[in-house]
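Undergrad: Let me give you the structure first, and then I'll get to my questions.
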């Protein structure tokens, strides 16, 4: 079974429980922190993915980490289910899919916007409103900067790319001039 299939199955099950309990954002935040912790620690990755390490040792380690992190019961139970099913090493993929699923169920579309320089808050709001109107949904914007685009912006909403960067305009001009 592919990692994406596994991630989707766990994310759907978790989303059903989290939404019914009204804990979806808290669980997402806690699981993102856990995924970051595991990804940043090669020793934890090894322990949780190595089949030769006895389950009881992994379980004790997980319970110790849970007690230190003080996560809510739903998050703790989910982490234990992943461990029991030998999927804790794939937590990052599950969390990524879970976040997308929560946005989808809330009618929110994520958009990645790249600009050459930081964008003022008023322009962010105007862009969010314009993209929301264009897509017919609520849009959550994530901004990054990349000086290579020189000016303008590139917005990715789902699989659609709106490229208004100076870099791409110069590239199109160069192609036109060689014709």
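Undergrad: For the range 76-89, does any single residue satisfy the condition of being within 30 Å of residue 139 (Cα to Cα) and surrounded by fewer than 17 Cβ atoms within 10 Å (Cβ to Cβ)?
TA: No, the range 76-89 contains no residue that is within 30 Å of residue 139 (Cα to Cα) and surrounded by fewer than 17 Cβ atoms within 10 Å (Cβ to Cβ).
Undergrad: Only one residue in 33, 89, 76, 93 is touching a residue at least 60 places away in the same chain (Cβ under 8 Å) and outside the structural domain of residue 147 (by TED's automatic domain parsing), so which one is that?
TA: Result: 93 is the single residue among 33, 89, 76, 93 that is touching a residue at least 60 places away in the same chain (Cβ under 8 Å) and outside the structural domain of residue 147 (by TED's automatic domain parsing).
Undergrad: Same structure again: Would you confirm whether or not the range 119-130 contains a residue that is touching a residue at least 12 places away in the same chain (Cβ under 8 Å), closer than 29 Å to residue 27 by Cβ and surrounded by 14 or more Cβ atoms within 10 Å (Cβ to Cβ)?
TA: yes
Undergrad: Considering the range 70-111 alone, what residues qualify as being modelled with pLDDT under 90 and either within 30 Å of residue 55 (Cα to Cα) or in a strand (DSSP E or B) (or both)?
TA: Selection gives 70, 89, 108, 109, 110, 111.
The values are calculated or read from the model by the stated rules, or taken from the named source; none is laboratory data. Predicted model only: the values in this text are computed from it and were never measured. Cβ atoms come from the backbone with ideal geometry, glycine included; neighbour counts cover every protein chain shown.
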